[in-house]
Amino acid sequence: MNPYKILNINSNVTKADIILSVTTAMRARKYSADKIARAQKELLNPISKAAHDFIQFLDIEPFLKAIDLTPPKQTPSRAIERLSLFDEKM
Amino acid sequence: MKKSVSKSGAMLAKAEKFMKRGNYLFAQKEFAKVYKNNKDSVIAAKIEHCRQEAAKLKAKDLVKRARKYLKKNKKLAACRCFEEAYAITGEKWLAERIGELTEAAAGNDVESAARQHEAKGDYSKAAKLYEQSYNLNSETGRSLLKQRQAACLVKSEQYEQAIECYDLILEGMNAPTLESAYNYGFALSHQGRHFRCLKIWGLIVSGEKAFLKQKETVARLLEADIYKLLLLSDAHLQENVVGMPLKGEDAKTPDDKAKSLHNYPHDLAAAYEASCYLQSDFGFKGLDQLKTYCQWRLIESLWVEEQYETIADLIFNPNVSNRSAALLETWGPTILANLARLSYKCAQTSGRQLTELALYWFTALYHPTTWRLFSNPDFNNDEFEKKTEVRLKLISMADAIWSHAGRNHAGNGSQSSDEAKSFWDIEKQLIADIDSLVNGRKKMVHLVCTPRFAIHFGVADQVLELIRSANDSQGVRYFKNREHYLESGSYYSAVGKSLYYLKAQAYKKALDNLPENSQNEFEKYGILKVRYTYGLYCLETGAEPPGRYFDSGPALFAIAPHYETELVKKAEEANELDQMTLYEEALNGIYTQALKEKSEPLVQIQKVLSLVMSRRALEMFNKDMMNNKTLSITLKKALKLNPQNEFARGLLEETKADLEILEMEKALNRFKMHKACKIAVESDYPKVTEAFFEYMEYGLKGIHESSHDTSQKLLILNETYDWCAWVDDKHPILDEIEILIEEFGGEVPQ
């Protein structure tokens with residue numbers, strides 16, 4: 001169970017946000033009331049919230065930051081001329 | 001008049017004859033001549049029949065001619081023949097064929113017009129005419145018309161339409177000509193589809209310098225496009241159309257992020273594939289970063305879409321270059337948490353990647369970089385305790401997965417799942433110990449890992465050093481006892497694999513995986529434990545004779561005395577003969593080894609060996625598998641091992657008495673009375689004397705019925721009296737003998 005997905009919220013939310021999101025999730029009827037209640041319970045408990053914060057979010061920022069995406073300096077002209085060397089004889 | 005009638009009859013006969021032979025034309029003529037003089041309706045009908053049949057034959061002939069023309073590709077002449085035939089028969093198929101031929105003829109005209117325009121360089125017009133000709137032509141060779149149309153479209157710079165044409169050609173599974181392949185790629189390149197262009201040009205095998213140079217140019221354009229795409233995508237991720245920040249943690253909701261990533265995985269996957277292609281086919285250098293970036297972005301989007309298995313295939317698949325080990329080598333602990341998360345998610349959603357979960361989970365949870373992630377603003381002063389609780393919560397969440405996996409695998413004989421669970425349990429304890437040993441020392445945090453992780457990533461020796469450093473001469477400075485110390489180290493040593501197998505109760509595998517020689521104390525301990533446990537396994541299952549595996553016993557007991565206690569308990573509980581025999585063999589092996597090693601005397605083992613030996617001997621004796629003599633020897637041996645063995649002692653006493661009785665009975669039966677009396681006199685056991693007198697009493701009872709005469713009877717009675725008096729001169733049997741002597745008129749001995 002991913003309580004963040006059920007409540008459609010991200011990890012940096014307050015307790016008030018969590019409670020508000022329950023109402024929204026109930027209205028959306030995407031998940032059962034039981035699942036929504038369990039998701040709320042999981043996130044209102046600081047220990048299990050911290051555990052879910054660890055499990056539910058992949059952290060790729062350190063890897064992206066380490067990558068240099070500077071394009072090569074010399075990029076050829078975009079246009080190329082058509083070659084006739086493969087043309088069939090008429 | 002008569003002559004006229006006969007002439008008419010002859011003509012009629014002639015006509016009938018022609019008709020019969022199928023010569024309808026002549027038959028019709030003859031019938032017409034007859035009808036001229038005789039207007040008979042029957043003849044009229046025959047004339048009509050012959051006319052119709054003749055027309056049919058003509059039509060048939062025309063179709064035949066038309067087909068001949070078609071074979072010679074004379075479509076116009078053929079068409080005329082079909083038209084004539086149709087005029088006769090009016091058959092539908094002929095009309096259809098005429099239509100087709102008319103169109104083809106027209107198409108040929110259009111095609112030649114198209115060629116003329118192409119030759120003149122009016123490619124746009126030529127393309128239209130080729131298309132017209134293609135539509136008119138329903139025969140083979142249409143694909144070539146399409147390829148000509150596409151070529152003209154390229155030459156007239158109508159690239160999009162040209163691409164559509166080439167797509168159609170390829171859809172029809174028609175192999176493009178060299179010219180078409182080149183033109184197709186050229187059009188694709190002009191439309192910015194460089195990757196597809198290069199793939200199409202890959203079909204052309206050519207060493208032409210101009211072409212190779214052009215390919216290189218397109219490859220460079222593709223490289224630039226990938227950079228552009230990634231930079232644009234990155235910008236797009238950071239700010240969506242309504243200006244809402246979406247990147248990473250800033251995305252308002254997971255749904256928002258998922259929406260922003262719609263189709264993104266496809267682009268990223270294509271970019272990744274293109275990067276790989278440029279690297280492999282064009283030898284472009286410096287694309288590793290690009291590839292890695294694509295991969296990470298792809299993984300991110302797949303994560304949002306919960307496609308964990310796809311990510312696992314990318315990361316854990318050994319056939320993929322960026323597999324987890326390589327990633328760990330590159331990224332170190334930064335990636336560890338992600339590998340742990342991924343394996344957790346895979347295990348949770350599909351029950352797969354359990355091995356990876358066991359490999360990464362604990363190491364990730366105990367790593368200081370992860371420890372920092374457990375922080376929460378709500379954890380005020382007692383942060384350490386709370387973070388420890390988070391770690392325990394995560395461990396229990398993963399434990400739940402194992403329980404679930406265990407239930408799912410229960411009964412299906414999934415050994416690997418059971419093994420993985422055993423490993424999980426061991427590692428849970430081991431990593432907690434190593435964490436305590438490191439105790440937050442920064443230089444050593446990388447050593448807080450599970451044994452398999454340590455071996456996999458080459459830090460096992462460092463962990464062993466760490467364990468040694470926490471040891472005093474008895475191995476108890478940190479560890480509970482020496483066994484705890486050696487056990488912890490052995491998992492990180494070369495015997496670790498065997499110990500895992502042992503834990504999973506795969507005893508044979510454990511034995512087979514032992515190293516030939518031990519390099520250190522941990523390996524020595526591991527070997528002892530595996531050999532000893534395998535011996536126990538043999539003892540209980542009878543897999544093979546266990547004796548030789550118990551030579552490890554004394555050394556192991558010296559480290560871990562509980563093994564000795566456990567064995568003693570089991571040996572004491574053995575009550576079946578086979579079981580006792582095996583235990584005796586095992587205990588004897590241990591005892592002999594201890595003597596060889598001159599180690600501390602194994603008092604418990606010695607005592608239980610004595611007990612099992614005497615019990616086994618009795619059991620064999622009771623089952624007539626052992627005689628008194630062997631029993632006595634065995635019991636003496638048991639008593640030598642343990643003089644306090646009361647069981648053996650009591651048994652031996654009984655046995656000795658029995659042996660004397662046996663010997664005495666033997667002497668009595670042979671009338672060696674002196675010997676018999678001597679045994680009875682010298683015996684320490686009353687049982688023997690009693691047996692002697694019982695024998696004598698039996699003899700007295702039969703004296704009346706014996707066939708001896710009175711003097712002989714008196715002689716026997718007197719001798720019996722002497723023997724009995726020698727054994728016991730106060731025994732009541734003497735009175736009985738006296739009465740009998742008197743009865744027979746003898747003189748009572750004094």
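The values are calculated or read from the model by the stated rules, or taken from the named source; none is laboratory data. Keep in mind it's a predicted model, so treat the numbers as computed, not measured. Because the Cβ atoms are built from the backbone with ideal geometry, glycine has one as well, and the counts that use them run over all protein chains shown.
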Single condition B:Pro176 does not satisfy, out of (1) within 48 Å of the chain's Cα centre (by Cα); (2) not in a loop (DSSP other than H, G, I, E, B): (2)
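How many residues does the stretch B:64-93 contain that are closer than 28 Å to B:Lys17 by Cα, of a type in the set (A, V, I, L, M) and modelled with pLDDT of 85 or more?
Total meeting the criteria: 1.
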- request: Scan the stretch B:608-633 residue by residue and report those that are within 25 Å of B:Glu566 (Cα to Cα) and among the polar types (S, T, N, Q).
  value: B:Ser610, B:Ser614
- request: Please enumerate the residues belonging to the stretch A:21-64 that are surrounded by fewer than 16 Cβ atoms within 10 Å (Cβ to Cβ) and of a type in the set (Val, Ile, Thr).
  value: A:Thr23, A:Thr24
statement: Taking the stretch B:634-671 and keeping residues free of Cβ contacts under 8 Å to residues at least 24 places away in the same chain and either in contact with a strand residue (DSSP E or B) (Cβ under 7 Å, 6 or more places away or on another chain) or of a type in the set (S, T, N, Q) (or both) leaves B:Thr634, B:Asn669
- prompt: Among the residues of the stretch B:271-295, which ones are part of a helix (DSSP H, G or I), surrounded by fewer than 21 Cβ atoms within 10 Å (Cβ to Cβ) and either within 11 Å of chain A (Cβ to nearest Cβ) or at pLDDT below 80 (or both)?
  reply: B:Asp288, B:Gln289, B:Thr292
task: Kindly list the number of the only condition in (1) at the interface with chain B (Cβ under 8 Å from one of its Cβ atoms); (2) assigned to a helix (DSSP H, G or I); (3) more than 30 Å from B:Lys228 (Cβ to Cβ) that fails for A:Pro62.
output: (3)
message: When you check B:Val448 against the structure, is it hydrophobic (A, V, I, L, M, F, W, C), crowded, with 22+ Cβ neighbours inside 10 Å and closer than 23 Å to B:Tyr532 by Cα, yes or no?
response: no
message: Exactly one of these conditions fails for B:Pro333: (1) modelled with pLDDT of 65 or more; (2) surrounded by 14 or more Cβ atoms within 10 Å (Cβ to Cβ); (3) within 24 Å of B:Cys197 (Cα to Cα). Give me its number.
response: (3)
- request: Considering every residue within the stretch B:196-204, establish whether at least one is in contact with an Asp or Glu (Cβ under 8 Å, 6 or more places away or on another chain) and away from every other protein chain (no Cβ under 11 Å).
  value: yes
message: Could you check the stretch A:1-36 and list, in sequence order, the residues that are of a type in the set (A, V, I, L, M, F, W, C) and in contact with a helix residue (DSSP H, G or I) (Cβ under 8 Å, 6 or more places away or on another chain)?
response: A:Met1, A:Ile6, A:Leu7, A:Ile9, A:Val13, A:Ile18, A:Ile19, A:Val22, A:Ala25, A:Met26, A:Ala33, A:Ile36
task: Collect the residues in the stretch B:579-609 that are without any contact (Cβ under 8 Å) to a residue 24 or more places away in the chain and either hydrophobic (A, V, I, L, M, F, W, C) or over 17 Å from B:Ala638 (Cα atoms) (or both), keeping them in residue-number order.
output: B:Gln579, B:Leu595, B:Lys596, B:Lys598, B:Val603
- request: Would you please list the contacts, defined by Cβ atoms under 8 Å and residues six or more apart or on different chains, that run from a residue in the stretch B:210-233 that is more than 9 Å from chain A (Cβ to nearest Cβ) and over 13 Å from B:Phe186 (Cα atoms) to a residue that is crowded, with 17+ Cβ neighbours inside 10 Å and of a type in the set (D, E, K, R)?
  value: B:Leu229/B:Asp267; B:Ser233/B:Asp267; B:Ser233/B:Arg297
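Answer with yes or no whether B:Glu585 is touching a Gly at 6+ places or on another chain (Cβ under 9 Å), closer than 22 Å to B:Tyr485 by Cβ and in a helix (DSSP H, G or I). Before the answer, list the steps.
Numbers: touching a Gly at 6+ places or on another chain (Cβ under 9 Å): yes; closer than 22 Å to B:Tyr485 by Cβ: no; in a helix (DSSP H, G or I): yes.
When the stated conditions are applied, B:Glu585 does not pass them.
Name the residues in the stretch A:5-45 that are within 7 Å of chain B (Cβ to nearest Cβ) and at pLDDT below 90, would you?
The first filter runs over the stretch A:5-45 and keeps only residues within 7 Å of chain B (Cβ to nearest Cβ), leaving A:5, A:8-12.
Correct list: A:Asn10, A:Ser11, A:Asn12.
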